[in-house]
1. Order by neighbour count: A:198, B:195, fewest other Cβ atoms within 10 Å first, most last.
2. Per 5 Å bin from zero, what fraction in whole % of the C-alpha pairs of the stretch A:78-190 is there, up to the bin with the longest pair?
3. Mind giving me the nanometre distance, one decimal, between the label points for residue A:178 and residue B:25, set 7 Å out from Cα along Cα→Cβ?
4. What number, rounded to the nearest 500 deg cm²/dmol, is the helix-based mean residue ellipticity at 222 nm of chain B, given -39500 (n - 2.57) per DSSP H run of at least four residues and division by all its residues?
5. With the cut-off at 26 Å, report for the stretch A:1-159 the share of all Cα pairs above it, as a whole percent.
6. Answer rounded, prolate or oblate for chain B, using the Cα gyration tensor with square roots of eigenvalues a ≥ b ≥ c: rounded when a/c is under 1.5, else prolate when a/b is larger than b/c, else oblate.
7. May I ask for the net charge around residue A:16, where only other residues with Cβ less than 12 Å from the Cβ of residue A:16 are counted and Lys, Arg are +1 while Asp, Glu are -1?
8. Which log10 I(q)/I(0) values does the stretch A:131-224 give at q = 0.22 Å⁻¹ under the Debye formula, counting every alpha carbon as one identical point scatterer?
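Coordinate-derived values only; no laboratory data. None of these values were measured; they are calculated from a predicted model. All Cβ positions, even for glycine, are placed from backbone atoms using ideal geometry, and neighbour counts span all protein chains on display.
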Amino acid sequence: MLRDVLARFHAAITGGAPLGTARELIVRGDVDELDRLGVYAHAYTARIAGVLAHDYPKLATLFDLAALTSDYLRAHPPAHPSLREVGAHLSRFLAARGMALHFAELAALERARTEVFDGPDASPLARGDLESLDPVAFPALPLALVPSSRVIALTTNADDIWDAIESEREPPAPEARDRVVLVWRREYTVVHRTLDADEARVIPALATGTTFGDVCELLDAPAERAIALLVRWLDAQCLRR
Amino acid sequence: MAPSRSTSSFPQLGFGLGLRREYYAAATAGAVAGVDWFEVITENFLVEGGNPRRVLRDVREHSPIVLHGVSLSIGSTDPLDAAYLAGVAALCSELSPVLVSDHLCWTGLGGHNTHDLLPLPYTEEALAHVVARVTQVQDRLGRRIVLENPSTYVTFAGAALSEPEFLAELARRADCGILLDINNVFVSCTNHGWDAAAYLAALPAERIAYVHLAGHTVNGALLIDTHDMPVRDEVWSLYQAAVRSFGPLSTCLERDDNVPPLDELRAELASARTAAGAALEATR
């Protein structure tokens, strides 16, 4: 009985059934039942629209996210206790909807930034940690990205679009571009960087954990390049201790 | 005459604020003058790390914390979320919050979370259901929890109990506390034509762990619990009536939208302190 009442109410306010189907469940009083039920139906969509706008601030400057919210909720009804997870499927939703690819990729970038914001803490590997390392031990040096990091493969210039919106410039026209972006958290600040082509080749190995020797092999370049990249990663605090 | 000492069986916390992102810097820097404690939204901190957890640890250094959840969904007929409860339990272990609260409501069904505080039919069946689930939660957390009266816009046909009767009986049977949201009492009483004084009179004083104060919006014939403006005069009056009935009340001021500078909210919290003092004094 209780489950039946809740199920009919839930369906009505989330769009699974016409709002009026819950009319007979409730007391009218001085206000029409549909107006009363409408408060809940409106709050459901409006709250999630607000969350999407908050979690995807760059995307929200390009088109009206609120207009998509009802469709998004039908495709991906929230299932997690935290509002943080409400927008987790937006990139996939935009791609499946057939929208221009840079929208979905910008969403993926913004989602990655949300995920690393409050992901696991870890001490970064620092230059000082390697000062006493015997040079012969370098090939076996384990290297791995900090756990609060994401690697995003792009096929558009969504990273440039993000940068332009961030610095309040006119976003560039969308273009096809094969790029890899690393998103990570430097202490409590979320940062991302578009990787050099050779750097992008080794990042998947760093994401799962590798050694400096393997990095050198993957780079297939003079040792100076591998050392330069290692120093770059150490200074960026993107490797875990 | 108002009881000069609290009639609550819960600790007296004084006057606190809902901690919002805008206040993180001040709240982590040290004790905030005029703010005795902070209430935090549990779900915002059920994360693995980063700034939210740092903030919580730092605030806890200076101030007592109350965990206030919005996703327990105590009234739902879905099974309780074991992972969610494990997260709350872990936060409790880490932070030793003074109280753990949530709402008398349900937020979803069939695994579909609306992220809204949905109303329950106040029936004997629902009461038995919620009592059993509160017991489960308290057993899992190893402590009493506190449930808040919601703002509601509908009441269900066939209800056997009034909302305060339901709350009182729930608190008695499950041995839990009540978070008395004064604004919600005013909003729901207005929306449904209930008597706010009778509502307060039906509540067991010893079960009231703390109270909420917040603002609401008038939307046609209905009041909406928006937490986006200062406490309204009618709610201040009802708050004073509650203090006169129950004695000193741990009090938390909430603002979730149009969040003002901290000093502005501190001034409003000082008004709560003054209003409570005046209510107590007037009955002596």
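1. Details: A:198 14, B:195 11.
The order, fewest Cβ neighbours first, is B:195, A:198.
2. With a bin width of 5 Å, the distribution comes to 2, 10, 15, 17, 17, 14, 10, 7, 5, 3, 1.
3. For residue A:178 paired with residue B:25, the spin-label model returns 4.5 nm.
4. On the way: 9 runs with 114 residues, N = 284.
After summing the helix terms and dividing by residue count, I get -12500 deg cm²/dmol.
5. Working: 6149 of 12561 pairs.
Here the long-distance tail beyond 26 Å is 49 percent of all Cα pairs in the stretch A:1-159.
6. Details: a/c = 1.41, a/b = 1.03, b/c = 1.36.
Rounded is the answer for chain B, as its axis ratio a/c remains below 1.5.
7. Around residue A:16, the surrounding residues sum to +2.
8. The Cα Debye sum returns log10 ratios of -1.15.
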